[in-house]
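> Handing you a structure now.
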Amino acid sequence: MNAGLDITFENMKNTHLADVVEIERQSFPTPWSREAYFQEIAGNDFAYYTVALLGDKVIGYCGMWIILDEVHVTTIAAHPDYRGRGLGAQLLDRLVNEGRRRGCNKMTLEVRPSNYPALRLYTKTGFISGGLRPGYYADTGEDAVIMWMDLY
C-alpha cells in the first residue's frame, strides 16, 4: 500500500505540530492554526488525533471527536509527496478502529463535493451520503456532503 515505506503511527503530540500545520497549509484553503491543534490535543477530552510518521517526520495525520456513541471525523490529510499511496486509507482505518474500540456505533464527516479523492476514499471505506449542509465552507460558500458509516 505505501510502496515499501516504513510508516509508524502515534498519538499527536506538541512536537508534531510544526509538521502538521505545514501539511494543513498545503492541504486546505482555510487551514487550522497550530493553536487550534494544540487545544485539540491538550484540552479537548473528546478528541483523538494521530500522526503517520516516516522516521521522525510527520507525513499525515487525522483526528476525530467522540460524542456519546458517535465518531465525528474532524480532519485527515497526507503530505502532498505521499498522496496516492494508501496513506489516507490507513489513517481513516485508524479512526474507524479507534471508534469501534471505544464502543461507537456510527461515524460521520463533512467533505467538499469538489474533493473527489476524499469522496472516493470515504465511499470505498463504506461511508454513504446523508445529505448536504448548504454553504458550510465559509471560505468559498461551498456546500458540505454529510457522510455516515455504521461501525458495527
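> With the contact rule set at Cα under 8 Å and sequence spacing of 6 or more, what percent relative contact order holds for the chain?
RCO, the chain: 19 percent.
> Which value in nm describes the separation of the simple spin-label points at Phe46 and Asn11, placed 7 Å from the Cα toward the beta carbon?
For Phe46 paired with Asn11, the spin-label model returns 1.9 nm.
> With each label point set 7 Å from Cα along the Cα-Cβ vector, what nm distance links Thr30 and Glu110?
Taking the two extended label points, one gets 0.8 nm.
> Related question: Considering the values [x] 39, 14, 14; [y] 30, 18, 16; [z] 22, 18, 17, which represents semi-axes √(5λ) of the Cα gyration tensor in Å as calculated for the structure under consideration?
Working out semi-axes √(5λ) of the Cα gyration tensor in Å from the coordinates points to [z].
> So for the range 7-150, taking the charge dipole from beta-carbon charges (+1 Lys/Arg, -1 Asp/Glu), which of Ser33, Ser114, Ile128 sits furthest toward the positive end?
Of the listed residues, the answer is Ile128.
> Within the range 46-80, find all residues whose amide N lies under 18 Å from a label point positioned 7 Å from the Cα of Phe38 along Cα-to-beta-carbon.
49
> Same structure again: Placing unit charges on C-beta atoms (Lys and Arg positive, Asp and Glu negative, everything else neutral), compute the dipole magnitude of the range 1-95 about its Cα centre in debye, rounded to 20.
Dipole magnitude for the range 1-95 comes out near 260 debye.
> Starting from the Cα of Asp150, step 7 Å toward the Cβ, then list every residue of the range 128-144 with an amide N under 15 Å from that point.
So the set is 128-129.
> Determine the calculated [θ] at 222 nm for the chain from helices alone, applying -39500 (n - 2.57) to every DSSP H run no shorter than 4 residues and normalising by the residue count; nearest 500 deg cm²/dmol.
Value at 222 nm, helices only: -9500 deg cm²/dmol.
> For Leu132, list long-range residues whose amide hydrogen, built 1.01 Å from N in the peptide plane, is under 5 Å from its own amide hydrogen.
So Leu132 has HN proximity to Ile146.
> Counting Lys and Arg as +1 and Asp and Glu as -1, what is the net charge of the other residues whose Cβ lies under 14 Å from the Cβ of Ile41?
After counting each charged neighbour, the total is -4.
Since every read-out is calculated from the coordinates, none of them should be taken as a lab result. All values derive from a computational prediction rather than experimental measurement. As a convention, Cβ positions derive from the backbone with ideal geometry for all residues, glycine included, and neighbour counts pool all protein chains shown.
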